[in-house]
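The values are calculated or read from the model by the stated rules, or taken from the named source; none is laboratory data. Quick caveat, the model's predicted, so the values are computed rather than measured. Here the Cβ is made from the backbone with ideal geometry for all residues, glycine too, and neighbour counts use every protein chain on show. Calculation scope for accessible area: heavy atoms of the full protein, side chains included, ligands and nucleic acids excluded. Shrake-Rupley method; radii C 1.70, N 1.55, O 1.52, S 1.80 Å.
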Amino acid sequence: MSGASGQPAPPGQAPQDAPAPIQTHDPEDPPSASSSQPSDVKADINMTDLNKAAALEEPETPKYADVTYWDIAKEFSILGYIGFGGPAAHIGLFQKRVVNGLRWMSEGLFLELFALGGCLPGPTSTQVSFAMGAVKKGVLGGLLSGALFQYPGAFIMTAFGIASAKVLKDPPFWLSCCASGVSAVGVALVATASKGLLIKICNTKETAIIGTLAAGAVIYWNSFPWMFPLVIFCGALITWVTNTFIHKQDMALKGDGEEVGQLGINMYAGAGLVVFWGAILAVVIVLVRTLDYNHRTEDTPLDWFEVFYRTGSIIYGGGQVVLPMLLGDLVKQDCSVTPCVEDTANSWMTTQQFYAGLGLVQAMPGPLFNFSAYLGAIIAWNAGYFPLIGVVVCWFGLFTPGVVLMFACLPYWKRFRKWNVYRRALPGMNSASVGLILASVFRMTLDVYDISPFPLFALVIGLFAFTAVDQLNIPEPIVVVGGILLGLIGWGAKLH
């Protein structure tokens, strides 16, 4: 086609006598490179681009592992033997291996289980070990995961308790020096845990004050039997008031935990478990109070069970908090003179036996509540019973409340974790628990100093142990062995 002059039109330009093309876009916009393509082709291309963009903007739902009973048995059998370092280390180990490594659940769900354990009395890491199995395979899965995580340390501490019950009651002097070294290391390990929790939990002026006041109250009024739950309640009340009326924070948890397969028990059964736990607590307390409880010769396994079950029912904060509570019940001292260093005739065990076990349990895998197996063997031996009777009574007495309450609360979990009242009270509850640990460090330090054959050197051993674990990251079993060797050095050098 030619123009009016008869010359051909330049390429890409419409002939001068042809009608101007109809614009299909805003005149101010630059012409599209695809403006010459048919409309149906452009529509197909645009829809394809939109689909690709949508695929990029909407990530796929995370896939979590389908867990079998064999998977639970295999993994928690391993965890039971490598779970050194106390509750904080156990939680980190679960998160690293099971959550991040094996992808059994989301990190958010795992942290919610951890928070639930923190709201309940009992050993938090133990409760989490039961709950992780329960959310994957129900009640049987929970019992399997929890039991496999507990038993290695429980068996080892039972063996130590049976072996040392007679020896530590009237030990030779060199063994007393070794026990003093182990006891100093045990207190140092509690101090390292206390430091970590102080930094993590008492990280505001408010929580620091609560923790300090709780520690001071427990140090000064330690003989009052309900002081521990009282300070925890007061701490919870303080932060609930401040978070509700001053800070006015909405602290309810978000999320629906969709990857939870089954919780293992319905709400009616959960309520029944709570009633079961409360009924046992009430019955054993009433029974032992109707007996002549203060006479050593009449103590029975029921008395032991009452102490351990009551302690397991009211303590928050895990193994580090339970230690000073048990010390007051198991080791009875004559405080007619100061300091209280003389064990009374009706004491269930000696101070030396208690602190030697305290050092050993922190070198063992699994929860610190396995200390109850050692204590049960010692108590039964001293009372003239077969040691395994004491092991079973004390171990089940201390562990049962927390585990029963964890299973009972799982059905209510999705509602419970969203309540502002619990979330607002939790910082005060946790900081008061840390205060109890801090108080135990001071009290235990004084006790170890008083019973040691070389008090000043025991403080040096504790100082070395604290630095080794806290700053040099030396594993706890090695530090415990080092405490034994330093105790032998103190004996050989006659530092006493």
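Data overview
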quantity: Total residues in the stretch 366-385, condition open to solvent by 10 Å² or more (accessible area, probe 1.4 Å) and either under 20 Å from Gly80 (Cα atoms) or part of a helix (DSSP H, G or I) (or both); calculated: 4
quantity: Qualifying positions in the stretch 445-494 - modelled with pLDDT of 90 or more, surrounded by fewer than 20 Cβ atoms within 10 Å (Cβ to Cβ) and of a type in the set (Val, Ile, Thr); calculated: Val460, Thr467, Ile489
quantity: Test: residue in the stretch 181-197 that is more than 23 Å from the chain's Cα centre (by Cα), hydroxyl-bearing (Ser, Thr, Tyr) and over 29 Å from Arg103 (Cβ atoms); calculated: yes
quantity: Condition check for Phe442: open to solvent by 10 Å² or more (accessible area, probe 1.4 Å), without any contact (Cβ under 8 Å) to a residue 24 or more places away in the chain and hydrophobic (A, V, I, L, M, F, W, C); calculated: no
quantity: Pairs with Cβ under 6 Å, 6+ apart, first in the stretch 455-478 and over 15 Å from Gly186 (Cβ atoms), second part of a helix (DSSP H, G or I) and open to solvent by 70 Å² or more (accessible area, probe 1.4 Å); calculated: Pro455/Tyr449
quantity: Residues that are at pLDDT 80 or above and open to solvent by less than 10 Å² (accessible area, probe 1.4 Å), drawn from the stretch 421-433; calculated: Gly428, Ser431, Ala432
quantity: Residue pairs meeting the criteria (Cβ under 8 Å; at least 6 apart or on separate chains; first under 22 Å from Ala65 (Cβ atoms), in the stretch 104-133; second charged (D, E, K, R) and open to solvent by 10 Å² or more (accessible area, probe 1.4 Å)); calculated: Trp104/Lys136; Met105/Lys136; Met105/Glu259; Ser106/Glu259; Leu109/Glu259; Glu112/Arg417; Leu116/Arg417
quantity: Check on Val341, at pLDDT 80 or above and hydrophobic (A, V, I, L, M, F, W, C); calculated: no
quantity: Enumeration of residues in the stretch 243-292 that are open to solvent by 60 Å² or more (accessible area, probe 1.4 Å), at pLDDT below 85 and more than 18 Å from Leu410 (Cβ to Cβ); calculated: His247, Lys248, Gln249, Asp250, Lys254, Arg289, Thr290, Leu291, Asp292
quantity: Counted residues, the stretch 155-182 - those being buried (at least 24 other Cβ atoms within 10 Å of the Cβ) and either at pLDDT 80 or above or farther than 23 Å from Val460 by Cβ (or both); calculated: 6
quantity: Restricting the stretch 131-154 to residues that are open to solvent by less than 20 Å² (accessible area, probe 1.4 Å) and of a type in the set (A, V, I, L, M, F, W, C), the residue that is nearest to Leu358 (Cα to Cα); calculated: Ala154
quantity: Residue, surrounded by the most Cβ atoms within 10 Å (Cβ to Cβ), within the stretch 183-215, restricted to residues that are farther than 23 Å from Cys234 by Cβ and of a type in the set (S, T, N, Q); calculated: Ser183
quantity: Helices (runs of 4 or more DSSP H) wholly inside the stretch 75-188 that include at least 2 residues being β-branched (Val, Ile, Thr); calculated: 124-164
